[in-house]
Amino acid sequence: MTADERIAAAETRLAAQFAQIDEIALFNQEKVLKAFGEERIALRHFDATTGYGYGDEGRDALGRVYAHAFGAERAIVSPALLSGTHALTVALFGVLRPGDRILFLTGTPYDTIRGVIWGIGVGSLREFGVESDVVPLDGAGKVDFARAKEFLANTEYKMVYIQRSRGYELRDAFTVDEIGKMCAFVRQNGFGGCIFTDNCYGEFVERREPVEVGADLIIGSLIKNPGGGLAPTGGYIAGSARYTALCENRLTAPSVGGEIGSYAYGYRQFYQGFFLAPHVVAQAVKGALLIGACLEELGYETFPKLDKLPADITRAIRFRTEGELTAFIQSVQDLSPVDSFVKLEAWDMPGYDCKVIMAAGTFVAGASIELSADAPIREPFTAYFQGGLTYEHCKLACREILKKLG
């Protein structure tokens, strides 16, 4: 069977899921459009500002648009948040104080956050007197509620931390419904603190966001889903007004909070990217499903399973050898619009405990809403594929991957 024949068969198999994804995209597009209308967004909101940024209408209105669309009371959206990890760090240090304790409900967090929590000699939370406990996931990659109940019964926590996406783990991303059950569970067990959710890779994949089902804060990167491929940098923190205000104080200073912050390049790309995000996310989810269906036909194991809609934009693919893994990653680079000629090598990427190989021939450096893939060089050899601004680009990449691996 040729690559094109495999792709055509996969598209037929996935027709029902693709139709559901289109319905979700339409729902979320209407939600974003309504947020723009409610905030009366005008050309002046795109204007550049300098200096302190007092009275920066573009900055303030952008936060309110995110808050409306995500069902939050308040949101910070800022180019000063340099990545998802940075946004998470600002929020953690904004909410927590010496002597507080965190419960990681969804297992050990993603690699780059581990140094923020437990790092030595780097100014980590532990070094500031914040302690933590981890509830290991059960054998099915789900929350171990019985074990979590024991932690909550015996220890007082200021924060419960939920990681929506899988990171470099072979579990499914948690759905918003599952996160809602987690939130209800911890409240039923007497927890009165901050329910904190790493929302990276999950925005607009479903009709609701975690703050709509009980989370106090959600945090993410603008070079992932909500930037729509146009935001050049930045991150967001959204949720309750109480906790978001604490995060504003940490991002700037307690005396000025969210009253300052300018951007000399203007805000149009942030607004336009957010407007496009529901459609772009749908394209990426379809592309990841196509890659998964085609590689399953070749005998590779992929996650999540194809009988349900994914809860984020990433797809994990397990390979038999390091050679197969690197060939897959290289195929993604070969079909990139930028740096397609580059031959990839694994390197000691900051924040990781092993070498990582990454395909990211993207217009915005490192943007994982654009077609990209990465993998730690360790067993089991697993690649993490995400993004694709257009389904057509994903389809062309899939054809190339099938030629190399098939």
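In the range 332-348, the condition of being closer than 26 Å to ILE113 by Cβ and either assigned by TED's automatic domain parsing to the domain that holds PRO109 or in contact (Cβ under 8 Å) with a residue 60 or more places away in the chain (or both) is met by at least one residue. Among the residues making up the range 218-247, those that are among the aliphatic types (A, V, I, L, M) and part of a helix (DSSP H, G or I) are ALA241, ALA245, LEU246. Being closer than 26 Å to THR197 by Cα and either of a type outside the set (D, E, K, R) or surrounded by fewer than 19 Cβ atoms within 10 Å (Cβ to Cβ) (or both) holds for only one residue in ILE329, ILE369, ILE357, and it is ILE369.
Cβ-Cβ distances below 7 Å connect the following pairs, each with a first residue in the range 355-369 that is at positive phi, a second residue that is of a type in the set (Val, Ile, Thr), and a separation of six or more residues or different chains: GLY366/ILE223. A count restricted to the range 258-273 and to residues that are part of a helix (DSSP H, G or I) and in contact (Cβ under 8 Å) with a residue 60 or more places away in the chain stands at 5.
The helices (runs of 4 or more DSSP H) located wholly in the range 1-112 that include 3 or more residues which are over 21 Å from PHE174 (Cβ atoms) and without any contact (Cβ under 8 Å) to a residue 40 or more places away in the chain occupy 3-13, 15-38, 57-70.
Look at the range 176-194: where a residue is at negative phi and in a helix (DSSP H, G or I) and a partner is basic (Lys, Arg) and surrounded by fewer than 18 Cβ atoms within 10 Å (Cβ to Cβ), sitting 6+ places away or on another chain with Cβ atoms under 7 Å, you get VAL176/ARG208. Per the conditions (1) within 14 Å of the chain's Cα centre (by Cα); (2) touching a residue at least 60 places away in the same chain (Cβ under 8 Å); (3) closer than 18 Å to GLU345 by Cβ, the sole criterion not satisfied by PHE381 is (1). Filter the range 226-273 down to the residues that are buried (at least 22 other Cβ atoms within 10 Å of the Cβ) and closer than 20 Å to LEU371 by Cβ and list them by number. Once the filter is applied, which keeps residues that are buried (at least 22 other Cβ atoms within 10 Å of the Cβ) and closer than 20 Å to LEU371 by Cβ, the range 226-273 yields PRO226, GLY227, GLY228, GLY229, LEU230, ALA231, THR233, GLY273.
Conditions tested, residue by residue: (1) within 25 Å of GLU169 (Cα to Cα); (2) β-branched (Val, Ile, Thr).
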| site | (1), (2) |
| --- | --- |
| GLN333 | yes, no |
| MET358 | yes, no |
| VAL364 | no, yes |
| GLU370 | yes, no |
| ALA375 | yes, no |
| ARG378 | yes, no |
| CYS394 | yes, no |
| ARG399 | no, no |
| LYS403 | no, no |
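Between THR321, THR382, the distinction of being hydroxyl-bearing (Ser, Thr, Tyr), surrounded by fewer than 21 Cβ atoms within 10 Å (Cβ to Cβ), out of contact with any Lys or Arg (no Cβ under 7 Å at 6 or more places or on another chain) and over 19 Å from SER83 (Cα atoms) belongs to THR321 only.
Pairs are defined by a Cβ separation below 6 Å, a sequence spacing of at least 6 or placement on different chains, a first member in the range 160-174 that is on the phi > 0 side of the Ramachandran plot, and a second member that is at pLDDT 90 or above; the pairs so defined are GLY167/TYR110. If you go through the range 59-73 one residue at a time, do you hit one that is farther than 28 Å from ALA365 by Cβ, over 26 Å from the mean Cα position of the chain (by Cα) and of a type in the set (Asp, Glu)? No; the residues of the range 59-73 include none that is farther than 28 Å from ALA365 by Cβ, over 26 Å from the mean Cα position of the chain (by Cα) and of a type in the set (Asp, Glu). One residue stands out among those in the range 195-217 that are over 10 Å from the mean Cα position of the chain (by Cα) and in a strand (DSSP E or B): the one that is farthest from SER368 (Cα to Cα), which is ILE195.
The values are calculated or read from the model by the stated rules, or taken from the named source; none is laboratory data. The shown structure was predicted, so the numbers you read here are calculated from the model rather than taken from an experiment. Backbone-built Cβ (ideal geometry, glycine too); neighbour counts: all protein chains shown.
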